[in-house]
Structure formats: C-alpha cells, structure tokens
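Data block below; observations after.
The values are calculated or read from the model by the stated rules, or taken from the named source; none is laboratory data. The structure presented is a predicted model; accordingly, all values stated were derived computationally and were not measured. Because the Cβ atoms are built from the backbone with ideal geometry, glycine has one as well, and the counts that use them run over all protein chains shown. For accessibility, only protein heavy atoms count, side chains too; no ligands or nucleic acids. Shrake-Rupley method; radii C 1.70, N 1.55, O 1.52, S 1.80 Å.
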Amino acid sequence: MRLELGYIHIKDVQFGEATKLDNGTLFVNKAEMIEALGKDERIASIDIEIVHPGDSVRIIPVKDVIEPRVKVAGPGNVFPGMLGKVDMVGEGRTHVLQGMAVVTTGKIVGFQEGIIDMSGPGAEYTPFSSLHNVVVIVEPKDGVLQHDHEAAVRIIGFKAAAYLAEAGRDAKVDEEKVYEHLPIHKSAEKYADLPKVVYVYMLQTQGLLHDTYVYGVDAKQILPTLISPTEVFDGAIVSGNCVSACDKNPTLVHCNSPVITELLERHGVDYNFIGVVITNENVTLIDKERSSNYVAKLVEMLGADAIIVSEEGFGNPDADLMMNCIKNEKKGVKTVLLTDEYAGRDGGSQSLADANPLADAVITNGNANEVIVLPPMDKVIGHPEVANVIAGAWFGSLREDGSIETEIQAITGATNELGYHKLTAKEI
Amino acid sequence: MKKIRVVHYVNQFYGQIGGEDKADIAPILKEGFVGPGMQINNLLKDRGEVVATVICGDNYFNENVEEATNTVLEMIGQHKPDILVAGPAFNAGRYGMACGAVCKAVEEEFGIPTLTGMYIESPGVDSYRKYTYVVETANSAVGMRKALPAMVDLLIKLVDGVELGTPEEEGYIARGVRRNYFHSERGAKRAVDMLIKKINDQPFVTEYPMPTFDRVAPEAPILDMTKATVALVTSGGIVPKGNPDHIESSSATKYGRYDLEGVEDLTEATYETAHGGYDPVYANLDSDRVLPVDVLRDLEKEGKIGKLYRYFYSTVGNGTSVANSVKFAEAIGKELVENGVDAVILTST
C-alpha cells in the first residue's frame, strides 16, 4: 500500500468571509462551518473560537484534538466508518493541514476530560499548545444521556476537521512524504537480512470516554488484527477517549502515530518493519487473556524478532501491557514497552499496577501524578468549574483567582504513551 | 555571585556540648560554625559560609519530635539560609533520625534544599531519603574527611539548581523518588533506539526498572459463614449521592466510611460512583453492581452469613498511588478487626 502525504504548513488561522487557504493562512467562515456540522438532535448549540500559541487562553474540558486531513486521490475518505463510507484507506494521496487542529469542548461528559493551556507552564506539558486551534464548543440538550452526548461531540469533531481540510484539497503542499507498506512476504524477501519488527498498538477500550474506534468499529469488539501504517495516517483509528487526558491518544496523535512514524524512519536500515498489530484493553480478565494470547500468536505468525508495545492509559491496562510483554518475551521476541507512571504526587510510590522482570526495556513518558499550578488565563473557553472534578484534580483545585492546582494527569497529552511528547521521568 | 548561606544542624556531641550525658539538651542556636561546620566552611571557600549552627541533644529531639522540630525551624528561619546541612550522622541511629526529620521539616517549611550524610544501614536512610539528599558515608566518624567534600559538592549544586546526575554519580543514596523532566528526544524515538540496541544485544538502560511487588498470603478460610460478620470494601468509588467527602475521581487521597443501617438496596437516587476511571453509567444506575449490598442483605435473611457489617468503606482506585492504597488498607483493616469483622469482600472495577 502506497500513500503520499502532502503537508500544508498552516501559519495562521482566522475567521473570514470564505473558508479558504491563502498563503499559509486558513480563513474560516464561521457561520458556514457551524452549518456544516449538521443539526444533531442531541445538541443544543455549537460555537467556534480560534486560539493561537502564546494566547492567554485555557480550554477546559477538552475531549478530542483532530488534525484536518483530506483524501485527494485513492479510495475512501479520512475517518472511514465515522464519516462517509468504509472503503479501505491508506492508498493514494492525502493532504494534511499541519500546525493546526480542531479541539472539541463543551459541557463535561464524565470526570474525564482534559485541559489545554495555550501559554504559561501548562503549555509546556501539552503538545497541542503549539498549534493554531479551532475550538468547537458543543453543548448538549438537557437530559441527553452520557453515551449519546459523547458520541454526538465525537462526530462533530470529525466533521469539523473534514470541513476545514477541504480547503487544502487543491492547495500547493509545503512538504511531501511517501510511505509504502509492502505485503509481508515481499517485505521479507526485500530485506531478507534484517530482523523483523512488529508494532503492537494497544487501544484503550473500557467504555464511556474510554473507547477507540477502528473503521467505525468499537475496538472492544475486535480480535487483535493487522493494520497498515498508511491506513493509520488516513484516520482509520480515531479516539472516543479522553479519560485522564494526559495519557489518552487524541485522534491527531493516531493520525501522526509516533511509534509508526519513528519505526518507518529506520525501516530497511536497522530492521524490517513488517507490520502493525492493533489490540484492545478490555476490562475483564478473559478478554485480556484472549487478546494478549492473540497478539502473541499474530506476532509469531508474522515471524517477528522484536516488537514495540505501546500502552494507552494506566492501572487496569498495565495488566494488558505486561501480558503482551511476557507472552512475547517467553517466545524469544525482544520487547520494548512504552508507558507512563503513577508514582504518587511525591514520586515515591511504585509506578505501575502490574510488573514483571521480563519487562526489562521500558520507555516512560513521565509521572502523571506530579502536581502543577496553572496560573489564571485572560480567557477560559469551556467550563472552568469542572477543574474541581476532572481526573487528576480534586475538590478545591480551582482557586478563586482562576488558577488551577492539579496533577499533570489533567493536561491533554502530557504523558502521551505513544511517545508523542518529550516528558519522561527518572529516579533521583 | 551571591554567597551561599548555610545553616548546619548537629547533635550535642558534634556541637561540642558533651557525650551521651548531654543527649537530653534542648536546641541551642550559635552564630557561625561549630565542630565539623568548620571544615564545611573551609570547603565552601568563597562560595559561601556557615552562618549559624543549631545544636540539639539526640534524646531530646527523638523524645520531643514536634516541639524540637518547631524550635529548630524557628532558629533556622532566623538566619534565612539558602540550604540546610545536617550531620553527617554516620551510623548513629537517633542522630540520623533527627537529621532526616530536620531536613524534611526545613524543606517543607522554607522550600529550600537540604542534605545530610548517613551510613547506608542507618535507620534514618529508609525513613527520610525520600525527602532529602542523603550522602552515603562510612559507618563512623572516621569517614568524616571523605563525607564532607562530597556533601559540599552536592550542596553547591543544589543551591545552584544544576541538573544532577544519577545518585551514584553524585554520591547520594537514591531517594526512590521519580521526578519528571523533558528529554531532548521524544518517547517514540527513544523506544526505537532502545529496540535497535536490544535487537543487537547492545547494552541499554531501561527508563523504569521493574519494582518488586509484595505478596499477601491468604488467610485460612472461615469454616462457618453463618456466624460471620462480613464487610464490604471497594475501590470502585461507590459513595452516597453527591460524594459528601469529595473523594477524588482519580489519585484519591482519602477513603470514606458510610453507614448501611437500614439500607437494603443501593438505588440511582441514593448512591453513585466517584470513580473517574471507568464507564460510570451502569454503576450510577445501580451501585449494587459494584458494591453488592442487595445480595448481602439476601444472604443475611437466608441465614447464609451472620450479618453484613454496618459500615462500608470506599475509595477510588483510579490512578491512586500504591503508597496511599497501603495507608488506606492499614487504617481500614485496623478498624474492621477492632469491630469484630470476620471477612471482607473487596470489590474493584
């Protein structure tokens, strides 16, 4: 499967009379965009704001961060199964509006959504503070149930990204990348002397605000399966997931999947990156056993010598992470894990809920329990009062002056376990 | 460069008051250095000076911890230090405990760095290494000449705020504390680099060495459940509606104890979950799904258990540190035992 990615560098986003790209600036017709997001019967209102890196702005509670991408050649559409049809994606050409994102916010669904500060100390912890963000504020009608509320906001986010991406359909791109993913046996022939590497991509699948979708299918219901890196770049995996927002993968991160991207960099040189196995993180033991057994079987069928396994979330999924590690290591497959830590606010507690001596090669993306004070911002988009209930904060986190004392757990993307960001931890 | 102001804490012996017979003296404040403080002062050269020394008897400190700490803090505060140095205490148990306690209190009260020196097996190490820097020393004062230069080196780095190397490189005992920092490479890149090394059997350093878990041996089974008092304890966050104790949705710092007198069934109107780590919809509709009060009441009526204990205990397991969990479990377990509970059903989510 061969995919060309054309990146358009977005230097600014502004409201304008027509939605169009002009020399790196994206203009957005606000009324037309709101109209394009459809009349969902579950939704009372939609509003849009634009924020920029360095602005004294806080967005809370953040649900998803989505990069606008549009398919300009080849089958299907971006976010297949969520929008449009379910043709297989990952071939042809896709344009990306890079340097910006859609951020969805609005009334809180659960305890679980995150915070993005566009400036100040919190901005260092969220990778999304460096983007020009089109913030879509979605408020549900009274009485809409949580599952329906979450689904409605999720889809509106994808629609918003798709609407904006159209502006880049015929645009001149600033940067091109071409990725080709060969059939497994051809890849094995071509790179016969190189060790074979598989990426085991764990997807959070634990219910409301903990779900991930693959071609529109709730990943709770999948058996581990194969996916091409190029399909991932076309939005085949999307987020429904922002609980403890520090280590959940917004849709933007899936579309730029960091481990896939980094593995492709050295593919054909240091190893042969032959495939990606996606798996889930269900809540029951039998599901964990089944999925990790299936992962180890697929890794063996692919003939992998080594794997990278990334976790999404913490606690309960630590058990899935260890099972995926142990079962592969015992078959002689060299395994590297990506996780984050919950070492307590003082950093003095053990970091994972499960552990095994076979997990001897671990990358950590930081201790999510570390506490930070987010200073007041000139403007808050969304609902600041939820700072007292979201995961990572506590009753009293929101202070009178508008500052928030919270664990970095509440900051969207702070300890992203796909290694999207640079935070890590060490023992002192 | 501003001169570093050091306040030094020592016991009665190193404070040149006397030996064991003077171990009960209350804190004394002296200007400048006393005893080993002289060598600290010399080693600092023009970078700083020991501006004051606080001396306290080891017995006095350990027998009057709160009062002694308050007095010592007040004395140290007067001199507005940039750093506090305590000891070194080598393998002296009570002295080490006092040094550790003073360092911890000073760091908390004034937000300045602190350091001390101890022998690795000194009880103060385990109690306080998490809160301060403990330079590893020999087990007696013969190690003084080696300990002080190491302590002064670290002292200057701490005040200057330079990024420290590993505990081994810096000569202090690892604090067992995880601290965040921003790496120059993102995690995904580091993972691929580590993988290549692992594939090629080259040495690599894991960023998180696996901890050792403690294991709890199961109790002997209860032979006659019809007489047993059974308690319900959950980490699933079930609380009376409105979460009266504000148990956090993640990283809980507390648990609640709630009365079940007269409660036959947990309903949507009366109970909910405070837990932020799972889909709360089904637990909110019927909290018995997480905390099975209804079933326990049935078993009570059927005579299959003696009775359901009057109170249930609840916290949120989501992201809650093991250290907090252990603390909750010790407190809850103690109360249950004191109140004659024979068995506990622990429910998670």
Check your understanding: Charges only on Cβ, +1 for Lys and Arg, -1 for Asp and Glu: so what's the dipole of the range A:37-100 about the Cα centre, in debye to the nearest 20?
Key -> 160
Check your understanding: Hey, what's the Kirkwood Rh for the protein assembly as shown if you take every pair of different alpha carbons, in angstrom?
Key -> 28.6
Practice item. Before anything else, pin down the relative contact order of the range A:1-148: Cα pairs under 8 Å, at least 6 apart, normalised by residue count, whole percent. Key: 32
Review point. For the range B:262-316, what % of the accessible area comes from carbon and sulfur atoms, probe 1.4 Å?
Key: 52
Review point. If we count every other residue with Cβ under 13 angstrom of A:Ile404's Cβ, Lys/Arg +1 and Asp/Glu -1, where does the sum land?
Key: -4
Study note, to complete from the structure: Residues whose modelled amide H sits under 5 Å from the amide H of A:Thr225, counting only those 5 or more places away in sequence or on another chain, are A:Ile278
Point to revise | Listed residue pairs exceeding 21 Å between alpha carbons, taken from B:Lys2/B:Lys130; A:Lys107/B:Lys254; B:Lys104/B:Lys334; A:Lys220/A:Lys297; A:Lys196/A:Lys288; A:Lys220/A:Lys288 | key: B:Lys2/B:Lys130; A:Lys107/B:Lys254; B:Lys104/B:Lys334; A:Lys196/A:Lys288
Practice item. State the Cα centre-to-centre distance between the range B:158-178 and the range A:242-301 in whole Å. Key: 35
Exercise for review: Post the alpha-carbon centroid distance, the range A:66-113 to the range B:186-264, in whole angstrom.
Suggested key: 35
Exercise for review: Could you please report the charge total around B:Ser249, scoring K, R as +1 and D, E as -1 over all other residues with beta-carbon less than 12 angstrom from its beta-carbon?
Suggested key: -4
Review point. Once Lys and Arg get +1 and Asp and Glu get -1 on their Cβ, which of A:His149, A:His267, A:Met100 lies farthest toward the positive end of the dipole of chain A?
Key: A:His267
Review point. When you look at the Cβ of every residue in B:241-249, what mean number of other chain Cβ atoms sits within 10 Å?
Key: 4
Point to revise | Interchain or long-range residues, amide H under 5 Å from A:Ala343's placed H | key: A:Ala368, A:Asn369
Practice item. For the A and B pair, go ahead and give the buried accessible area with a 1.4 Å probe, both sides summed, in Å² to 100. Key: 5900
Check your understanding: What shape does the range A:159-273 take by its C-alpha gyration tensor, where a ≥ b ≥ c are the square roots of the eigenvalues and a/c under 1.5 counts as rounded, a/b above b/c as prolate, and the rest as oblate?
Key -> oblate
Practice item. Quick one: compute the contact order of chain B, relative version, from alpha carbon pairs under 8 angstrom and 6+ residues apart, as a percent. Key: 13
Check your understanding: For A:Asp305, B:Asp58, A:Asp40, what's the largest-to-smallest order of accessible area, 1.4 Å probe?
Key -> A:Asp305, A:Asp40, B:Asp58
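Just round it to a whole percent: the fraction of Cα-Cα distances in the range A:164-226 exceeding 15 Å.
Counting every Cα pair in the range A:164-226, those more than 15 Å apart make up 72 percent.
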Practice item. Return one quarter of the surface area of the convex hull spanned by the alpha-carbon atoms of chain B, equal to its mean projected area, in nm². Key: 25.1
Practice item. Working with all protein chains in place, sort A:Asp234, B:Asp46 by solvent-accessible area computed with a 1.4 Å probe, largest first. Key: B:Asp46, A:Asp234
Review point. Thinking of the range A:15-112 as a set of Cα atoms, what percent of all their pairs are more than 18 Å apart?
Key: 61
Point to revise | Amide H partners (placed H, <5 Å) of A:Arg93, local residues excluded | key: A:Glu4, A:Val72, A:Ala73, A:Gly74
Review point. In what sequence, highest mean first, do A:60-72, A:150-162 appear when ranked by Cβ atoms within 10 angstrom?
Key: A:60-72, A:150-162
Practice item. For chain A, set up a Gaussian network in which alpha carbons nearer than 10 Å are linked by springs, and say which option among A:Val373, A:Val269, A:Val28 fluctuates the most. Key: A:Val269
Check your understanding: Given B:Ser287, B:Gly303, B:Tyr255, which one lies farthest toward the positive end of the charge dipole of the range B:225-347, if we put +1 on the Cβ of every Lys and Arg and -1 on the Cβ of every Asp and Glu?
Key -> B:Tyr255
Review point. How many Å² of accessible area per residue for the range A:213-290, probe 1.4 Å?
Key: 25
Revision key, fill the gap. So, over other residues within a Cβ distance under 9 Å of B:Gly48, counting Lys, Arg +1 and Asp, Glu -1, the net charge is +2
Point to revise | Enclosed volume per residue, in Å³, of the convex hull spanned by Cα atoms of chain A | key: 136
**Study point:** Gaussian network model of chain B, Cα within-10 Å springs - most flexible of B:Ala86, B:Ala150, B:Ala217
**Key:** B:Ala217
Revision key, fill the gap. So, for the Cα atoms of the range B:225-347, Rg and Dmax in Å stand at 13.9, 39
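Charges at C-beta only: +1 for Lys and Arg, -1 for Asp and Glu. How large is the resulting dipole of chain A about its Cα centre, in Debye rounded to 20?
Numbers: 37 positive and 62 negative charges, 195 e Å.
So the dipole magnitude of chain A works out to roughly 940 debye.
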Check your understanding: If you place +1 on the Cβ of every Lys and Arg, -1 on the Cβ of every Asp and Glu, and leave all else neutral, what size is the dipole of the range B:225-347 about its Cα centre, to the nearest 20 Debye?
Key -> 360
Point to revise | Ranked packing of A:80-88, B:33-41, most packed first, by mean Cβ within 10 Å | key: B:33-41, A:80-88
